[in-house]
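J.: First the structure, then my questions, so here it is.
No value in this document is a laboratory result; all are computed from the given coordinates. Everything numeric here is computed off the predicted structure, so don't read it as measured data. Because the Cβ atoms are built from the backbone with ideal geometry, glycine has one as well, and the counts that use them run over all protein chains shown.
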Amino acid sequence: MTYKTSMTFETIVAALAVGGTAIATGLLATFIQTSLHFALGHHRIGGWFFRSHIKCHHTIYSGKKLATPEYEDEETSLTLFYLIPTAVAVSIAYQVLPRALFWVHLGTFVVLFALHVYVHVQFHVRKSWLNRFGWFRRLRRLHNIHHLNHHKNYSLLQPFWDRLLGSYQASYPKTRRG
């Protein structure tokens, strides 16, 4: 009995298409989160979104209280607001991508949306089970810095965007002595 171990050209192209779609969607999803958080969550142009984000989330988690034993729900959740541009991106993808790649696109958005919400909640839980992972501690530190300096580190999952947009800050702000 012989086994065919070589991959065909079509298989390689399909794998690259799937991987490329997942990576491109991941970058798009994290860019949407970062840009909405920056533009609407921290600038008055965001109107209701801005007021709610600052009044609720940044009031609950500020100063020395960046994490609590359990996540404290905000009065108004803004999570679903991110679905509007996501729905636009998915609708466009439905029109232009082959069906198989559309499902990869949609699946990647769904997974990243869930991951975004879950990881963000865990950032604010003092004894999160995710603390055992270096990637989580690094992202949590960047998010905590954001809560201390609202003009830095808007991205939750992909600090690449903050580096690109000039809003990245790796270390905690220095406190004034006096």
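J.: What is the calculated FRET efficiency for Val96 to Lys64, with r their C-beta to C-beta distance and R₀ = 41 Å, to the nearest 0.05?
T.: After rounding to 0.05, the efficiency reads 0.25.
J.: If I model a spin label at Trp135 and Ile84 as a point 7 Å from the Cα along the Cα→Cβ vector, what separation in nanometres do I get?
T.: Between Trp135 and Ile84, the simple spin-label model gives 3.1 nm.
J.: Oh, and also: Can you work out the Karplus-derived ³J(HN,Hα) for every residue in the stretch 149-160? Use 6.51 cos²θ - 1.76 cosθ + 1.60 with θ = phi - 60°, whole Hz, and x for glycine or proline.
T.: Working through the residues one at a time gives 9, 5, 9, 10, 6, 7, 7, 8, 10, 9, x, 3 Hz.
J.: Checking the a/c ratio against 1.5 first, then a/b against b/c, what shape does the Cα gyration tensor give for the stretch 76-168?
T.: prolate
J.: Rounded to whole Hz and in sequence order, give me ³J(HN,Hα) for the stretch 103-113 from the Karplus expression 6.51 cos²θ - 1.76 cosθ + 1.60, θ = phi - 60°, writing x for Gly and Pro.
T.: For the stretch 103-113, the Karplus-derived couplings read 5, 5, 4, 4, x, 5, 4, 4, 4, 5, 5 Hz, x marking Gly and Pro.
J.: Then there is this: Can you run phi through the Karplus equation (6.51, -1.76, 1.60; θ = phi - 60°) for the stretch 125-134 and list ³J(HN,Hα) in whole Hz, with x for Gly and Pro?
T.: Coupling constants for the stretch 125-134: 9, 3, 10, 4, 5, 6, 4, 6, 9, x Hz.
J.: Further question on the same structure: Scan around Val125 for amide H atoms under 5 Å from its own, H built in the peptide plane at 1.01 Å from N, and keep only partners 5 or more places away or cross-chain.
T.: Sorted by chain and number, the residues that satisfy this are Thr68.
J.: Can I ask one more? In a GNM of the chain with a 10 Å cut-off on Cα contacts, which of Ile84, Ile12, Ile145 has the highest mean-square fluctuation?
T.: Ile12
J.: Next question. Looking at the chain, which longest stretch skips every one of the chymotrypsin sites (Phe, Trp or Tyr not before Pro) that is in a DSSP loop with at most 13 other Cβ atoms within 10 Å, leaving the sites themselves out?
T.: With a cap of 13 other Cβ atoms within 10 Å, the longest stretch comes to 4-132.
J.: Further question on the same structure: So for the stretch 17-165, averaging the separation of alpha carbon pairs under 8 Å that are six or more residues apart and normalising by length, what relative contact order in percent results?
T.: 34 percent
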